[in-house]
């Protein structure tokens, strides 16, 4: 990963982390991506803490320091504690996370590591536990989280560590 | 009963049940293909290269509708991994495809000179447009593969 950012974010601040990032250089796409990010949080049939677990699983896999350091306020209000966040790591199957939380991570892992490798058993568990709307929303949110975190890493210039910071859902 | 071949283009049919997030998801898809910084034909080469890397058969059979077509011989050359030496590929296309393959492996692994070559040819806005497009194309291929498996 480049130690220096490969591109510079536009000048000025709108208060929106996507518009204020280097993604703001592409005016033809930035509003659409910001809108998708907003809908991922504001229009979710999936509870916020579960969405945040999936987002953090992605952040750790992609190793996006910015994404790893952020906690969305709505997820914390929904019960996501730092103790739970610590368990979103390899070996999570044996952790104290709930069955639903482990299943959401398994879905994220299928997306992140082996989308062709979804077993009939995993597919059956996903379809039994989540509604089609919830599964579709999780898929859309994962694409948004993964694409934007990969953008951040590809742009480079990230610090090695950042303090955990709570931010408001867009 | 026949099942639908799910691809990055039609996976939206599976995702409309998500509700309100489905429309902005499609808006992003349209925007990345229509932005002016990276030609759609170049993105189509990237999509097909990512499909090859994912072993996504339905995706490989798909051709996105482009204003300016892409010769099938060039696609075949891409899929045979001849793009490095085939004169049908421009230097910009080569830089972008090289970047795409590093991006697929891991964005963290992308060397500065590989990214720099893209920035030199497409500019900073073009570089950002490319990484946005790769993220959403790659993501939709992944979701299409998952939904294909889930309908088996």
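Exposure proxy ranking for B:122, B:53, based on other Cβ atoms within 10 angstrom of each Cβ and starting from the fewest, stands as B:53, B:122. With viscosity set to 0.692 mPa s and temperature to 37 °C, compute the Stokes-Einstein D of the stretch B:4-144, Rh being the Kirkwood radius across alpha carbon pairs; µm²/s, no decimals. Stokes-Einstein gives a translational diffusion coefficient of 212 µm²/s. Inter-label distance, residue B:152 to residue A:131: 2.9 nm, where each label sits 7 Å from its Cα along the C-beta direction. Can you tell me the 0 to 90 degree angle between the C-alpha axis of helix B:22-34 and the longest principal axis of chain B, rounded to 10? Tilt of helix B:22-34: around 30 degrees.
The equivalent ellipsoid of the stretch A:117-167 has semi-axes of 31, 13, 11 Å, largest first, where each one is the square root of 5 times an eigenvalue of the Cα gyration tensor.
Across the stretch A:71-95, the residues whose backbone nitrogen lies under 20 Å from the label position 7 Å along the beta-carbon direction of residue A:5 are A:71.
Using the Cβ-Cβ distance between residue A:164 and residue A:93 with R0 = 35 Å, the FRET efficiency computed as 1/(1 + (r/R0)^6) comes to roughly 0.90. Within the stretch B:90-152, the ratio Rg/Rh, alpha carbon atoms throughout and Rh by Kirkwood, equals 1.09.
Label-to-label distance for residue B:108 and residue B:13 is 3.8 nm, based on points extended 7 Å past Cα in the beta-carbon direction. Note on the stretch A:36-170: Cα-Cα pairs beyond 19 Å make up 48% of the total pair count. Among the residues of A:45-51, the average count of other protein chain beta-carbon atoms within 10 Å of the residue beta-carbon is 1. Residues considered: B:120, B:95, B:40. Largest GNM mean-square fluctuation over chain B, using C-alpha springs under 10 Å, is found at B:120. Across peptide A:113-120, the mean count of Cβ atoms from other chains lying within 10 Å of each residue's own Cβ comes to 5.
The ranking of B:147, A:92 from fewest to most other beta carbons within 10 Å of each one's beta carbon is A:92, B:147. Just checking the listed ones, A:119, A:131, A:148: in the Gaussian network model of chain A with Cα springs under 10 Å, the one fluctuating most is A:119. Computed over chain A, relative contact order equals 41 percent, with contacts defined as Cα pairs under 8 Å that lie 6+ residues apart. Compute the long axis of helix A:30-42 from its Cα atoms, compare it with the longest principal axis of the Cα atoms of chain A, and write down the angle in degrees, 0 to 90, nearest 10. That works out to roughly 40 degrees. Taking every residue in B:120-130 and counting other chain Cβ atoms within 10 Å of its Cβ, the average works out to 5. For the protein assembly as shown, what is the calculated [θ] at 222 nm in deg cm²/dmol (nearest 500), taking -39500 (n - 2.57) for each run of four or more DSSP H residues and dividing by its residue count? The helix contribution divided over the protein assembly as shown gives -19000 deg cm²/dmol.
Each reported figure results from applying straightforward, stated rules to the coordinates on display, with no laboratory input. As the structure is a computational prediction, the values presented were derived from the model and not from experiment. All Cβ positions, glycine included, derive from the backbone under ideal geometry; neighbour counts span all protein chains shown.
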